[in-house]
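This report refers to the structure that appears directly beneath it.
Where a number appears in this text, it was derived from the coordinates with a stated rule and is not lab data. Quick caveat, the model's predicted, so the values are computed rather than measured. Using ideal geometry, Cβ is built from the backbone for each residue, glycine included, and neighbour counts are taken over all protein chains shown.
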Amino acid sequence: MIVTARLLLRPPMVTDASGALEMLSDADTRTWNPARSVVDLDSAARWCAELADWSGGDHASWSVLDRQTQAFLGLVSVHSINPTQADAEIGYRVSPTARGRGIATEAVAVASDWAFDNLSLVRIELVHAVANPASCKVALRAGFPLEGLLRQSFVYGDGQRYDEHLHARLVTDPPPFIARSA
Ligand SMILES: CC(C)(COP(=O)(O)OP(=O)(O)OC[C@H]1O[C@@H](n2cnc3c(N)ncnc32)[C@H](O)[C@@H]1OP(=O)(O)O)[C@@H](O)C(=O)NCCC(=O)NCCS
């Protein structure tokens, strides 16, 4: 569990299903970070249960909750963990009603802090479509400088192939300047 002044990050629970379904039904989420298996509450509950299972060692995933109200705000996942290379990737989604308040920035910053501290990672990569500028802001503010442009590198949820930005944060980088402590 990760606690900040306003957020609580914990492994997903099946009780997050309705919040997850709302988030995953949003048009931007369906384009930029879809979960195609989720079509109703039952499949959303299964998705949450799968993300709660960290036993494979390949990911660490958290539901992001409002610390006061426990409302579901989003989900962040350190995935594609490669212990040999000491690297991983990070992905994130925020519920449409919670956007524009820095939730993703804070969640990505503290989840990557946790991953450096607990998984002995050296590098975490963050990739987003150039056509998704909100995600670029999240990356830069969460301490992931831009490293380059990947041309026509990924087919997103709308079936279109997009250029992407590659960002990364190294364990040796200075921490991002955001409020993060409880
Ligand atoms: C991208 C996403 C995670 C951002 O979540 P968030 O909690 O709103 O992010 P933050 O509030 O930390 O920062 C977003 C910033 O982008 C800005 N932004 C939002 N839409 C924008 C747009 N279309 N163009 C430019 N900036 C935009 C916001 O205004 C904010 O900047 P500001 O604080 O200067 O106003 C959220 O929009 C989302 O879940 N989108 C769908 C899924 C997705 O794109 N996931 C990431 C895939 S790589």
*asked:* I want to check the label-to-label distance for Glu22 and Gln68. Put each point 7 Å from Cα in the C-beta direction and report it in nm to one decimal.
replied: 1.7
*Length-normalised contact order of segment 2-121 in % [C-alpha pairs under 8 Å, at least 6 apart]*: 26
*Once you have the Cα-Cα distance between Leu166 and Arg10, take 0.36 nm times their residue separation minus that, and quote the gain in nm to one decimal.*
53.5 nm
*asked:* Run through segment 93-182 and list the trypsin sites (Lys or Arg not before Pro) located in a DSSP loop whose Cβ has at most 13 other Cβ atoms within 10 Å.
replied: Arg101
